[in-house]
Every structure is written in structure tokens, then in C-alpha cells.
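Following: one structure in C-alpha cells, then a few remarks.
The values are calculated or read from the model by the stated rules, or taken from the named source; none is laboratory data. This structure is a prediction, so every number in the text was calculated from the model and none was measured. Here the Cβ positions follow ideal geometry from the backbone for every residue, glycine too, while neighbour counts run over all protein chains shown. Calculation scope for accessible area: heavy atoms of the full protein, side chains included, ligands and nucleic acids excluded. Shrake-Rupley method; radii C 1.70, N 1.55, O 1.52, S 1.80 Å.
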Amino acid sequence: APGTQEGRRLLTIVPGVAVSFMCSMNAVTAPSISLEGSSLWVLKSLPVKLGRAFTAKQLLHFTVNLPAALVMCFTLCALLGLNAGQWLMNLLYVASYTAFSSALGLFMDLRKPHLDWTNESVAVKQSAAVAITMFGGWALIILSCLGAYFMRRVFNIAPLLFLVPALGALALNRWIYRRGPDVLMNI
């Protein structure tokens, strides 16, 4: 039956999409500048390029999110009985989404820092950067899936699904490392 085959084809992107939705809830970089608070001057006065501080914040995001996300994706792919190409597609999607959410969180926190908090939980739970990162990540996932769904008749875009967050991560990181140091110095 055609409906069954199409449903099976759409099922192949579920592991990467589901895991990415879960990872969007853990935006480590989104409050990372705001958590500096009144001690932001320490970060600004470090004898290293600010790009290295940005890299450290993003590496923490990867360290916290990526291992668990890959294990979850691996498990879902195994449970669904996907083939090797589908596994690779899903793992690449999760990795590229993690890179995107890391870059989006840092970008948003540079643009909308919340430095006047009295309790760290305010910077983490009531920050515009965190909310925009979380909901923006959801929007990217939904839009990329809708694009794959509506383009399925033209060509199978699912193997290229990971390119959407990867290109977003590249664009955001370009801004972060070129303009971010100047923005941070003027906060």
C-alpha cells in the first residue's frame, strides 16, 4: 500500500527530529553570557581572544548535549530498524542541530543578555535569549521537516535535512566570531 510506504519513509527522520526536540530544551549557551552577571568584566579582561571564550562556551554545550543525544538517536534508529544510510542521516541531523542550538544560544545571549539578576535561576529561566533559543530551535526543526515533507514529491530531501541546521550554525558562528567580540565589549 502506498500510504504504508510513504509513512515508513517519513518515519526514517523521526529519531533525529525527536532527539533534536529534546536537545532544544537544554540550551547551555543561551544563558552563558548572562550568567557572568556583574563579573562580566572578568571575561572582558581575560588575556585571550574573546573568540576562545566563545569556543569554550560552545564546547560545554557540545559536551553536555551531544553524547546523550547521539546515544538516544542511535537507540531510536535501532528500535525502528533503519538502514545504515538512515542512521547516518539521523546522527548527522542531531549533530548539526546541536551545533545550531549552540550557536543560536550564544548569538541570542550576546544580543539580549540579562545581566541584572539577583539569582542565577532568573538568568536561566526568565531570559529572552533562552526562550528565543528554545522556540527558535523548535521552529527550525518544524520548518525543515515541513520542507522535507512538501519537497518529497520532487526529490527525497530527507538525506539533506541536516544541511538546514548546519547552514544556520555556520551563519550564526560567522557572526559570533566576527562581530561578537565587539558586541560583548560594549555590553
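Considering only protein heavy atoms, with the full assembly of protein chains and a 1.4 angstrom probe, order ILE187, ILE176 by accessible area, largest first.
In descending accessible area the options line up as ILE187, ILE176.
To the nearest 20 debye, what is the magnitude of the charge dipole of the chain about its Cα centre, counting +1 on the Cβ of each Lys and Arg and -1 on the Cβ of each Asp and Glu?
420 debye
Select from CYS145, THR133, PHE107 the residue farthest towards the positive end of the dipole of the stretch 86-187; place +1 on Cβ of Lys and Arg, -1 on Cβ of Asp and Glu, and compute about the Cα centre.
Value computed over the given set: CYS145.
Sorted by accessible area (1.4 Å probe), largest first, how do MET25, MET185 line up?
Details: MET25 115, MET185 95 Å².
Of MET25, MET185, the descending order of accessible area is MET25, MET185.
With a point put 7 Å past each Cα toward its Cβ, work out how far VAL64 is from LYS125 in nm, to one decimal.
So the two model labels end up 1.5 nm from each other.
How many nm separate the modelled label positions at ALA18 and SER45, each set 7 Å beyond the Cα in the direction of the Cβ?
The answer from the label model is 5.1 nm.
Nearest 10 degrees, 0 to 90: what angle lies between the long axis of helix 2-11 and the longest principal axis of the chain (Cα atoms)?
Approximately 30 degrees, to the nearest 10.
Using a ≥ b ≥ c from the Cα gyration tensor of the stretch 107-187 (square roots of the eigenvalues), is it rounded, prolate or oblate, where a/c under 1.5 gives rounded and otherwise the larger of a/b and b/c decides, a/b for prolate?
Taking the square roots of the gyration eigenvalues as a ≥ b ≥ c, the stretch 107-187 is oblate.
In square nanometres, what is the average projected area of the Cα convex hull of the stretch 34-94?
With the hull built on Cα positions only, its mean projection is 5.5 nm².
For the chain, the longest stretch holding no trypsin sites (Lys or Arg not before Pro) located in a DSSP loop with at most 14 other Cβ atoms within 10 Å is which? Don't jump to the answer; show the numbers that get you there.
Values: sites that count: LYS49, ARG152, ARG153.
With a cap of 14 other Cβ atoms within 10 Å, the longest stretch comes to 50-151.
For the chain, with a Gaussian network of springs between Cα atoms less than 10 Å apart, report the residue from VAL94, VAL19, VAL154 with the top mean-square fluctuation.
VAL154
Computed over the Cα atoms, what is the radius of gyration of the chain divided by 2.2 N^0.38 Å, N being its residue count? Intermediate values should be presented prior to the final figure.
Values: Rg = 18.2 Å, N = 187, 2.2 N^0.38 = 16.1 Å.
The value comes to 1.13.
Report, in degrees rounded to the nearest 10, the 0 to 90 angle that the Cα long axis of helix 50-80 makes with the longest principal axis of the chain.
Roughly 20 degrees, rounded to the nearest 10.
Against the longest principal axis of the chain, how steep is helix 84-111, in degrees 0 to 90 to the nearest 10, with axes from Cα atoms?
Helix 84-111 sits roughly 20 degrees off the main axis of the chain.
Nearest 500 deg cm²/dmol is fine: what mean residue ellipticity at 222 nm does the chain get from its DSSP H runs of n ≥ 4 alone, each adding -39,500 (n - 2.57), divided by its residue count?
-24500 deg cm²/dmol
Protein chains only, probe 1.4 Å: how do PHE135, PHE21, PHE150, PHE100 rank by accessible area, largest first?
Heavy-atom accessible area, descending, gives PHE150, PHE135, PHE21, PHE100.
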